[in-house]
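K.L.:
This structure is in C-alpha cells; I'll ask about it shortly.
The values are calculated or read from the model by the stated rules, or taken from the named source; none is laboratory data. Source: prediction; values computed, not measured. A quick note on method: Cβ atoms are made from the backbone with ideal geometry, for glycine too, and the neighbour counts reach across all protein chains shown. Just so you know, the surface numbers come from the protein's heavy atoms only, side chains and all, with ligands and any DNA or RNA stripped out. Shrake-Rupley method; radii C 1.70, N 1.55, O 1.52, S 1.80 Å.
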Amino acid sequence: MNCEQSKALMLQERSEELRPTARFSLHQHLDECAACRAHYATLLSIEQHLSAEPDLSPSPFSERAILNAAILETRRRAKATPALRSFRLAGLASAAMVLLGLGFVLGHFQEEKPLLSAGSATTSEDPLRLLAFGRDAYQHQRYDRAIHRLTQYLSTGVPDDPALDYLATLTLARSYRRLGRHKEALATYDRLRRHPGSWQDQELLAQEVADCQRHFEDRLVDSDQNALPPDSRSYEQLPARIYRTGYRANH
Amino acid sequence: MLSDQTSYTDEELMELYIAGEVEAFAELMRRYRRRIYSFLRTMVGNDRETAEELFQETFLRLVRVKRFGSYLRSAKFSTYLYTIARNVCIDHFRRRRGVFERSLDDETVVPLPARGSLGDDPERLLLEQEQRDLVSSLVTGLPAEQREVVYLRLRSDMPFKEIARVTGTGENTAKSRYRYAIESLSRQLTAKDVPCKGDLSTADPGGQP
C-alpha cells in the first residue's frame with residue numbers, strides 16, 4: 001500500500017465505509033509510515049475539535065415565546081376537542097344524507113368560492129393564528145402582509161402574555177426595517193426597549209436599531225438635499241443621489 | 001403535572017405534550033434548545049439573527065404538531081426534530097436565494113478568549129482555541145450538504161443511518177458527504193499550514209515505505 005491509497009482508506013475509515021480487512025492493512029501501513037500517521041492524526045484532531053465545540057444558547061426570549069405558544073396551543077386544543085367530537089358525529093350523520101343526494105345535486109350545484117382564501121386570518125380568529133400568519137408572512141418576505149397581521153395581533157393581543165407580545169413586536173419592527181420604513185421601525189424598536197420582558201439579545205437588537213438609524217438618517221440627508229434649490233447642488237452630489245434613489249427604489 | 005420529567009423518553013414527552021401536558025414540551029425544549037440552535041447557527045454561517053428566527057420557527061412548528069403519526073414508530077424524536085430544523089433551513093435558503101453557500105474567502109472573525117480564561121498554560125490553550133476556531137470557521141465554508149452531515153455526526157453523535165433519515169438521503173450518500181467534508185477540511189488546514197496535532201512537520205520523512 002502506498003501513501004495515496006492509505007490516505008483514501010483513512011477517509012473511508014472515518015466515514016465507516018472501510019471493510020475490516022482493508023482496515024487491518026491501513027493500520028499496518030500507519031505503524032510503518034510516520035507521514036501517514038501524522039495525516040491520520042490531523043483527521044482525528046479535526047473531528048475532536050469539532051465535537052468538543054460547546055453548544056450555543058438561544059436567547060431566553062425565544063424560549064419563553066415558544067413555551068407561551070405551546071401553552072396557548074394546548075389551551076386551544078382543549079377547547080376545540082369537545083366541539084370536534086360533536087362535529088364528527090354530525091359529520092357522520094350528514095355524510096349519509098350527502099351520499100344519497102349527491103347524484104341528484106351533481107351538475108346543478110356550483111360551489112361557491114370561500115370569502116377568504118385558505119390560510120388567511122380574520123380578527124375573530126384566535127390571536128395565536130394571527131401571530132402565526134404574521135410570522136409566516138414575514139418568513140416568506142411578504143412584509144406588508146406581516147405588518148397587517150401582526151398589527152392585528154397586537155391590537156387584539158393575548159393579555160398577560162409579554163413573551164408573545166414581544167415576539168410579535170420584534171417581528172413587526174423587522175418587517176418595517178426590511179421594507180425600508182425606518183421611521184416606523186425605529187418607533188417599534190423603541191417599544192421593544194420599553195417592553196417589560198426585554199429578553200432578546202440586547203447586542204443584536206442594538207445592531208438592528210443602529211442599522212435602521214443609519215438608513216433613516218441617510219434618507220433625511222437625501223430629502224434635505226432634494227429640498228435645496230437646483231443651483232445650490234454640486235455636480236459631485238448628483239450621481240450619489242441618483243444612485244441612492246435607485247437603490248431605495250429597488251429595496 | 002409530570003412527576004419526574006427526566007425519566008421520560010423524548011418520544012413519551014412528545015406524546016404527553018400532544019395529550020395536553022405543556023410541561024412535557026418544556027422538558028423537550030430544555031433537552032434540545034442548545035443543540036438545535038447550534039445546528040442552525042452552523043447552517044446559516046453563524047448569523048445570530050437568522051439562527052434565532054429559524055430556531056423560533058422550528059419549535060413553533062413543533063408546537064403545532066397534532067399527531068405524532070407513524071414517523072416516530074420507526075425513528076427517534078431527535079431525528080424528527082432535526083428534520084424539522086433542516087426543513088426550516090431549506091425554506092429559508094429558498095426564500096433568500098444566493099446566500100445558501102458561503103464563500104471560503106469570507107473569513108470569519110475569530111473572537112479572542114476572555115482574559116484569565118486560559119488556565120495554567122495560556123500559550124498552548126490559546127493555540128488549541130485558535131485551531132478549534134479555525135476548524136469551525138472552515139466548516140462554515142463547506143457546502144451546506146456537507147456542513148449538516150459534519151454537524152450531525154460530530155456534534156450530535158448521530159449514526160449515519162439517522163443522518164440519512166434527517167437529510168432524506170441514503171446512508172452511503174451521508175457517508176460520502178462526510179468523507180468529502182473531512183477531506184476538504186484537512187486539505188485546507190494543510191494549505192493554511194496550521195500546526196495541528198497531526199502536523200506533517202513532526203513526521204519522520206524517512207518513514208514512508
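K.L.:
Ordering B:Lys76, B:Lys175, A:Lys79 by how much accessible area each has at a 1.4 Å probe, largest first, what is the list? Please report the intermediate quantities before stating the final value.
P.N.:
Values: B:Lys76 105, B:Lys175 25, A:Lys79 165 Å².
Ranked from most to least accessible, the order is A:Lys79, B:Lys76, B:Lys175.
K.L.:
So how far apart, in nm, are the two label points at A:Ser51 and A:Arg129 if each is 7 Å from Cα heading toward Cβ?
P.N.:
Placing both labels 7 Å along Cα→Cβ, they lie 4.8 nm apart.
K.L.:
In whole Hz, what ³J(HN,Hα) sequence does the stretch A:42-50 give by Karplus (6.51, -1.76, 1.60; θ = phi - 60°), x for Gly and Pro?
P.N.:
Karplus values, whole Hz, x for Gly and Pro: 4, 4, 5, 5, 4, 5, 5, 4, 6.
K.L.:
How large is the accessible surface of A:Leu172 in square angstrom, using a 1.4 angstrom probe and rounding to the nearest 10?
P.N.:
Estimated to the nearest 10 Å², A:Leu172 gives 10 Å².
K.L.:
Something else: Provide the net charge surrounding B:Tyr37, with neighbours chosen by a C-beta distance below 9 Å and charges set as Lys +1, Arg +1, Asp -1, Glu -1. All intermediate terms of the calculation are to be shown ahead of the outcome.
P.N.:
Working: positive: B:Arg33, B:Arg34, B:Arg35, B:Arg41; negative: A:Asp55, B:Glu52.
Taking every other residue near B:Tyr37 into account, the sum is +2.
K.L.:
Per-residue HN-Hα couplings for the stretch B:16-22, Karplus 6.51 cos²θ - 1.76 cosθ + 1.60 at θ = phi - 60°, whole Hz, x for Gly and Pro?
P.N.:
Using θ = phi - 60°, the values come out as 5, 5, 5, 7, x, 9, 5 Hz.
K.L.:
Still on this model: With a 1.4 Å probe and all protein chains kept in place, how much accessible area does B:Val139 have, in Å² rounded to the nearest 10?
P.N.:
10
K.L.:
Here is a follow-up. Probe radius 1.4 Å, ligands and nucleic acids left out: which of A:Tyr40, B:Tyr37 has the largest accessible area, and how do the rest follow? Intermediate values should be presented prior to the final figure.
P.N.:
Values: A:Tyr40 30, B:Tyr37 5 Å².
Reading off the accessible areas and sorting them downward yields A:Tyr40, B:Tyr37.
K.L.:
What distance in nm separates the simple spin-label points at B:Thr190 and B:Arg96, each placed 7 Å from Cα in the Cβ direction?
P.N.:
3.5
K.L.:
Kindly report the accessible area of the stretch A:3-42 per residue (heavy atoms of protein chains, probe 1.4 Å, no ligands, DNA or RNA), in Å². Walk me through the intermediate numbers first.
P.N.:
On the way: 2120 Å² over 40 residues.
With the other protein chains kept in place, the stretch A:3-42 gives 53 Å² per residue.
K.L.:
Any idea of the total accessible area buried by the B-A contact, 1.4 Å probe, rounded to 100 Å²?
P.N.:
Numbers: alone 13110 and 17940 Å², together 25550 Å².
About 5500 Å² of accessible surface is lost on pairing.
K.L.:
Over the stretch A:3-42, what portion of Cα pair distances is larger than 16 Å, expressed as a whole percent? Present the calculation step by step, with values, prior to reporting the outcome.
P.N.:
Working: 156 of 780 pairs.
Percentage above 16 Å: 20.
K.L.:
Same structure, new question: So what does A:Glu73 come to for accessible area, using a 1.4 Å probe and Å² rounded to 10?
P.N.:
The accessible area comes out at roughly 10 Å².
K.L.:
Provide the gained length on full extension for the span A:Ser155 to A:Glu184, in nm with one decimal, where the gain is 0.36 nm per separating residue minus the Cα-Cα distance. Walk me through the intermediate numbers first.
P.N.:
Values: separation 29, 0.36 × 29 = 10.44 nm, distance 1.64 nm.
Extending this stretch completely gives an extra 8.8 nm.
K.L.:
If you don't mind, there's one more thing I want to ask. Order B:Leu134, A:Leu30, most accessible first, counting only protein heavy atoms with a 1.4 angstrom probe. Can you show the working numbers first?
P.N.:
On the way: B:Leu134 35, A:Leu30 5 Å².
Order by accessible area, largest first: B:Leu134, A:Leu30.
K.L.:
Would you kindly derive the ³J(HN,Hα) couplings of the stretch A:3-18 from the backbone phi angles with the Karplus curve 6.51 cos²θ - 1.76 cosθ + 1.60 (θ = phi - 60°), listing them in order in whole Hz, with x for Gly and Pro?
P.N.:
5, 5, 4, 4, 5, 5, 5, 4, 5, 5, 5, 5, 9, 6, 10, 9
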